[in-house]
1. Can Gly174 be described as surrounded by 14 or more Cβ atoms within 10 Å (Cβ to Cβ), in contact (Cβ under 8 Å) with a residue 40 or more places away in the chain and at positive phi?
2. Just checking, how many residues over the stretch 211-242 are assigned to a helix (DSSP H, G or I) and of a type in the set (Gly, Ala, Ser)?
3. Tell me which residues, restricted to the stretch 16-53, are part of a loop (DSSP other than H, G, I, E, B) and either modelled with pLDDT under 90 or open to solvent by less than 40 Å² (accessible area, probe 1.4 Å) (or both).
4. Give the stretch 232-257 a look and list any residue that's of a type in the set (Gly, Ala, Ser) and in contact (Cβ under 8 Å) with a residue 24 or more places away in the chain, or say none.
5. Tell me, which residue of the stretch 48-67 that is over 27 Å from the mean Cα position of the chain (by Cα) and of a type in the set (Val, Ile, Thr) is nearest to Arg33 (Cα to Cα)?
6. Could you list, in sequence order, the residues of the stretch 243-271 that are open to solvent by less than 10 Å² (accessible area, probe 1.4 Å) and assigned to a loop (DSSP other than H, G, I, E, B)?
7. State yes or no: is Arg86 open to solvent by less than 70 Å² (accessible area, probe 1.4 Å) and touching a Cys at 6+ places or on another chain (Cβ under 7 Å)?
8. Do you know which residues across the stretch 272-290 are within 17 Å of Pro211 (Cα to Cα), buried (at least 20 other Cβ atoms within 10 Å of the Cβ) and in contact with a Lys or Arg (Cβ under 8 Å, 6 or more places away or on another chain)?
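The values are calculated or read from the model by the stated rules, or taken from the named source; none is laboratory data. All values derive from a computational prediction rather than experimental measurement. Neighbour counts run over all protein chains shown; Cβ positions are idealised from the backbone, glycine included. These accessible areas exclude ligands, DNA and RNA; they are computed on the full protein's heavy atoms, side chains included. Shrake-Rupley method; radii C 1.70, N 1.55, O 1.52, S 1.80 Å.
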Amino acid sequence: MKQPDRFLSWAQINADATGHRSELTDPMQAYLRQIATTLRSGSVRNSDTALRCFTQFLLQEHPQTTRLVDVRRAHIEDYKPWLATRTNQRGQPVSVNTRAHRLGNLRTFFTRIRDWDWPQAPPTVPILFGDLPRQDKPLPKALDDAAAAKFLRTAQTRPRLLERVVCEVLIRTGLRVGEFTQLRRDAVRQIGAGHWLHVPVGKLHDDRYIPLHPQLVDLIADYRDRFVDPAHPLLLPRENGKAMDRYSVTRVLNNVAAAAGLGHVHPHQMRHTLATQAINRGMSLEAIAALLGHHSMDMTLRYAKIANRTVADEYFAVTEKVEALYAARDSRDPDGENTALPASVAGPEMARLRREMHQRMLGNGFCTRPPALDCTFESVCETCTFFQTSIAFRPTLQAQHDHAAEHDQTG
């Protein structure tokens, strides 16, 4: 039977705990205080939920286990199916991703307290990496070219100017909805001959600049002239001066989508749409990563999987050559076999995507060594001619430089 995914608070847990229960809960709360000094609040909340979930399981299923040091592998093997029977507040089964996060945070907890030599740590880490279920990784859902064009044309004819502003800014810049709603009034900056949008610190706790199309510059200026007090701290509030949030942005997008005859859309689809359009038209993955504010190329590579137009165009270009090959016979071949298909038939875009997909990601750059060439070295990447890096890895490279300087390793 599915059980609702609600957990006791620490106050309730400690109130219910008797005797030596503090030997179970005190180390967990001490751990949360430690990680709160280094991790972001969201990460601490996730760990807090995972630990309370596991504690509630022990209270219900193993009340005789009153000390953290007594937790063993058998407890984890009981915990996994117990966790799978939980439901969320809507009565739906807890997702695979949620279960993986709960187990992953619990594993990190046990690993760290052993690394820290805490006496309350079990003799061995009872939870293994293989205990984490495989997470679903659906591809980003983007509007295809026809739907995107219809959506944007409809937005441009809407009587409410804010609807056009929201739709055009999101689909032309790829901003996250949180970044969009927090844009400051001075976010539009002129640098040289062009205009750029300064995106404030957001999801990944950094900021960046996005090039602005002149049409967007005029559109934003028009909206602000009509509806926004010049002293307002936000760039694009609602007409009444109140800040927008993800819900009001979603309503605006769906009003336009309904008028365009499209189904439900959400703000992140605008981001996916821009990335897909860019990669289908030859923009490099590094440039897309910088535009979207990705820290890891792994995030950007997901868009390479949905470059449908690129794949289709390259496929049909190659198909024509393959069909011509099948129709032609080599008069020198007595068996009548087809001639070999030259490697050059791969189009430039597919060749570029293949090169980028085959680059091995390193901590501070890429290894571009061809797969056919073996590598017997593991620690000389920076001095290898196949090593490449970019501005995206600047924080890592700077940290390496600072570490070397601190340890007098200037060589």
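1. Details: surrounded by 14 or more Cβ atoms within 10 Å (Cβ to Cβ): yes; in contact (Cβ under 8 Å) with a residue 40 or more places away in the chain: yes; at positive phi: yes.
Yes; evaluated as a whole, the condition is true for this residue.
2. Count: 1.
3. Our first condition is that a residue be part of a loop (DSSP other than H, G, I, E, B); within the stretch 16-53, this holds for 17-18, 36-40.
Passing the criteria: Ala17, Thr18, Thr38, Leu39, Arg40.
4. So in the stretch 232-257, the residues of a type in the set (Gly, Ala, Ser) come out as 241, 243, 248, 257.
Those that are of a type in the set (Gly, Ala, Ser) and in contact (Cβ under 8 Å) with a residue 24 or more places away in the chain: Ala243, Ala257.
5. Thr55
6. Within the stretch 243-271, the first condition is being open to solvent by less than 10 Å² (accessible area, probe 1.4 Å), and the residues that meet it are 248-249, 252-253, 256-257, 260, 265, 270-271.
Answer for the stretch 243-271, where residues must be open to solvent by less than 10 Å² (accessible area, probe 1.4 Å) and assigned to a loop (DSSP other than H, G, I, E, B): Ala260, Val265.
7. Working: open to solvent by less than 70 Å² (accessible area, probe 1.4 Å): yes; touching a Cys at 6+ places or on another chain (Cβ under 7 Å): no.
So Arg86 fails the test.
8. Scanning the stretch 272-290 gives a single hit, Leu274.
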